[in-house]
Protein chains: 2
Amino acid sequence: MHLSAHHPLVADRTQDSRLVQAYLGRRPSVPPVWFMRQAGRSLPEYRALRETSSMLDACLQPELAAEITMQPVRRHGVDAAIFFSDIVIPLLVVGLDVKIVAGRGPVFASPVRTAVDIARVTDIDPDTVISRGGPIVEAVEQITALLAQESERRGEPLPLIGFAGAPFTLAAYLVEGGPSKDHLAARGLIFRDPAAWEALTGWLAEVTGRFLRLQLQAGASAGQLFDSWAGSLAPEVYRTAALPASRRAVEIAREVTPPREATIERIPLAHFGVGTGELLADIATLGVDVVGLDHRVSIVDALMRMNAPVAVQGNLDPALLFAPEPVWQEALDRLLRQGRAASAHIVNLGHGVPPETDPDVLTAIVRRVHEAS
Amino acid sequence: MHLSAHHPLVADRTQDSRLVQAYLGRRPSVPPVWFMRQAGRSLPEYRALRETSSMLDACLQPELAAEITMQPVRRHGVDAAIFFSDIVIPLLVVGLDVKIVAGRGPVFASPVRTAVDIARVTDIDPDTVISRGGPIVEAVEQITALLAQESERRGEPLPLIGFAGAPFTLAAYLVEGGPSKDHLAARGLIFRDPAAWEALTGWLAEVTGRFLRLQLQAGASAGQLFDSWAGSLAPEVYRTAALPASRRAVEIAREVTPPREATIERIPLAHFGVGTGELLADIATLGVDVVGLDHRVSIVDALMRMNAPVAVQGNLDPALLFAPEPVWQEALDRLLRQGRAASAHIVNLGHGVPPETDPDVLTAIVRRVHEAS
């Protein structure tokens, strides 16, 4: 399946989509809505597809990744697809030994704790993520082709959002060797050996920036950097030990060469982290167009702290997915009103879709967002 | 061991302690310092004592609980003991079936999810925590006697801080059946059945308020309410679904009858939760004297958001315990300077002592706090 001829077409058309317009800070007449982790265990069709392959394998099988990415787009009518991937995929692609352990998450065969461990990792050429990134490119090409079909059916352009983890969160996984509650091994390393930490996160910025750029180059219309665990850092630590590498990853992603025939002015980038209320003034300096908020901070407070021309994305409390309809409707309507204070507002949850979510509630939320406007 | 004759004496003397003075908003010439979870796995003498008994058993064996409570006081020279207990102890005392599962935490035999489950729990008379609270009273009496000895040795009064969990965090444990990452079952119940939720947290306020009052009545000089998971709530949810029950627990704890011969004007109460930066304006209305901060929020921002005459406690980043000495020293000195903006500042970590902490670092921090002033 060779689809590269589609890029310019897709890229061009999605510029007028609700999502890309909002990501570029123009308020579309109908606000866009999508859900973090919309492709995933809340969908029976996802669980059926995933029965026969592991998470990381699924991410690297282009047809499977493409199909999984499309499932929520077809089912819920969301305004964007988000590339189905895992935060550790670029590290797997460059050759690190990592597996997803059920009930735990990604676990690395060798945690990276000392300067020697770090040198072993940073010796890998970051361009490896490109040279071995064939399955990523192919998946993105398949998705944009499928989105073009879906767009035709719906009569409106549908963009793909690229997916990548931020250097701090990736470093936390590497140093801990897997998920952890408070990332103390990683956060301790920041203080214990700042030079080694800088080398590690600098390298991760090169790798994850390229991973995102690869997706943009292959046809994704926007990108999102996930710094899941940034909220565990004190603001001054975030500023010195996490932000510089995130900013570098954003820079690298921005080096994407627009397809020849396209008239793209800018491929917008978004950022999301959990519990980042205290970090927003710093996150606003990252160079992204959109800042995602979790449910703990109000849009009003967030805009005040950022004081920057960014669009905001979020931040419906995922717990509302288990509320009676009138309760979540009222909260959603309030959120939509709050969003009007921003240059543009993209509706999303304050966190990923919980696996136990009734998918019909997500569909109903999409409908209400589209009708409420 | 009958020690009740000690209460008035102990209570009187500790009024002049650094900790109680600071808790009452008077700035002592030397700022007090203690550490959340100072009695625990970071100490080899604790690990030795705990070898033969389970966590919950240890909490209910007065001599053992007293000895564990005293260990960090003797070793580190901290300015207060914190009652060695577990957040679920009052629930165990009133008869619920709960065990600590290694590597996981407290697990309840039957999660409390429906209105029927909740009624089964709330049918228990909250006064049961008092009628069956003998081991708690005895432990507190033993601790205050041991603190009196230690005070004599040091030549300064040493208070005991009572310990209790806040209703929201206790409810989250009960509804989830144990620890969880995002407390979605509990947070969903808030929306799904607000009346049942109110009944549950209302009952928990009665129980945990009495549990704290029991300790104060038995000789503790101050109390702290731990709402470990409050930070998972959106501010408006905290305000309506968690704060009222916490306020009620504080009220109940305040009903303590001062010992006849004592001249106590007020037994100060503190509050602590993780990730509560967005909740501080609400927490400031709880009726406590001291607000604990985790390391994610600066004291300066916290004071601005609270705008109330409370003392602040915290908030050294626990990751600094793994930093070279000059690094934590500089951070500590900065923290001490920031603390001067508050009516009083009690030095503590932004979270509990990690088990892997080198205890000598804690001792060195105490020394520096006492010398820096």
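With respect to the conditions (1) closer than 30 Å to residue B:293 by Cα; (2) hydrophobic (A, V, I, L, M, F, W, C); (3) open to solvent by less than 10 Å² (accessible area, probe 1.4 Å), residue A:190 falls short on a single one, namely (3). I need the full set of residues from segment A:354-373 which are surrounded by fewer than 18 Cβ atoms within 10 Å (Cβ to Cβ) and touching a Lys or Arg at 6+ places or on another chain (Cβ under 7 Å), in order please. Within segment A:354-373, A:355, A:363 meet the criteria.
Of the helices (runs of 4 or more DSSP H) lying entirely inside segment A:120-200, those containing at least 1 residues that are within 14 Å of chain B (Cβ to nearest Cβ) and modelled with pLDDT of 95 or more span A:167-176, A:184-192.
If you check residue A:216 against the conditions, is it buried (at least 24 other Cβ atoms within 10 Å of the Cβ), more than 28 Å from residue A:110 (Cα to Cα) and away from chain B (no Cβ under 14 Å)? Answer is yes for this residue.
Table: residues versus (1) surrounded by fewer than 24 Cβ atoms within 10 Å (Cβ to Cβ); (2) charged (D, E, K, R); (3) closer than 15 Å to residue A:142 by Cα.
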residue: A:35; (1), (2), (3): no, no, no
residue: A:41; (1), (2), (3): yes, yes, no
residue: A:44; (1), (2), (3): yes, no, no
residue: A:54; (1), (2), (3): yes, no, no
residue: A:58; (1), (2), (3): yes, no, yes
residue: A:61; (1), (2), (3): yes, no, yes
residue: A:71; (1), (2), (3): yes, no, yes
residue: A:86; (1), (2), (3): yes, yes, no
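Counting only residues that are outside any loop (DSSP other than H, G, I, E, B) and either touching a Ser or Thr at 6+ places or on another chain (Cβ under 6 Å) or at pLDDT 95 or above (or both), segment A:13-46 holds 11 of them. Go through the residues of segment A:249-271 one by one and say whether even a single one is within 17 Å of the chain's Cα centre (by Cα) and within 30 Å of residue B:300 (Cα to Cα). Yes, the conditions are met somewhere in segment A:249-271.
Does residue B:206 satisfy the criteria of being assigned to a helix (DSSP H, G or I), open to solvent by 20 Å² or more (accessible area, probe 1.4 Å) and under 30 Å from residue B:138 (Cβ atoms)?
Criteria met by residue B:206.
Filter segment B:316-339 down to residues that are farther than 15 Å from residue A:236 by Cα and surrounded by 21 or more Cβ atoms within 10 Å (Cβ to Cβ), then give me how many there are. Here the count works out to 4. One residue stands out in segment A:306-315 among those that are over 17 Å from the mean Cα position of the chain (by Cα) and either small (Gly, Ala, Ser) or at pLDDT 95 or above (or both): the one that is least open to solvent (accessible area, probe 1.4 Å), namely A:306.
Within segment B:215-245, the set of residues being assigned to a loop (DSSP other than H, G, I, E, B), closer than 25 Å to residue A:299 by Cα and among the hydroxyl-bearing types (Ser, Thr, Tyr) comprises B:228 only.
For the criterion of being among the aliphatic types (A, V, I, L, M), on the phi < 0 side of the Ramachandran plot and open to solvent by less than 20 Å² (accessible area, probe 1.4 Å), residue A:161 passes. Scanning segment A:208-219 for any residue that is of a type in the set (Phe, Trp, Tyr) and within 17 Å of the chain's Cα centre (by Cα) turns up at least one such residue. Between B:252, B:267, the distinction of being aliphatic (A, V, I, L, M), touching a helix residue (DSSP H, G or I) at 6+ places or on another chain (Cβ under 9 Å) and open to solvent by 10 Å² or more (accessible area, probe 1.4 Å) belongs to B:267 only. Among the residues of segment B:69-87, those identified as farther than 24 Å from residue B:167 by Cα and in a loop (DSSP other than H, G, I, E, B) are B:77, B:78, B:79, B:80. Remark: pairs (first residue in segment B:225-241, facing chain A (nearest Cβ under 10 Å) and under 19 Å from residue A:349 (Cβ atoms); second residue small (Gly, Ala, Ser) and not in a helix (DSSP H, G or I); Cβ separation under 7 Å; 6+ apart in sequence or on different chains) = B:231/B:273; B:231/B:275; B:233/B:242; B:235/A:298.
Given the conditions (1) touching a helix residue (DSSP H, G or I) at 6+ places or on another chain (Cβ under 6 Å); (2) more than 14 Å from residue B:79 (Cβ to Cβ), which single one is not true for residue B:352? Going through the list (1) touching a helix residue (DSSP H, G or I) at 6+ places or on another chain (Cβ under 6 Å); (2) more than 14 Å from residue B:79 (Cβ to Cβ), residue B:352 breaks only (1).
The values are calculated or read from the model by the stated rules, or taken from the named source; none is laboratory data. Worth saying up front: this structure is predicted, and the values here are computed from it rather than measured. For neighbour counting, all protein chains shown are included, and Cβ atoms are generated from backbone atoms with ideal geometry for every residue, glycine included. Only protein heavy atoms, including side chains, enter the accessible area calculation; ligands, DNA and RNA are left aside. Shrake-Rupley method; radii C 1.70, N 1.55, O 1.52, S 1.80 Å.
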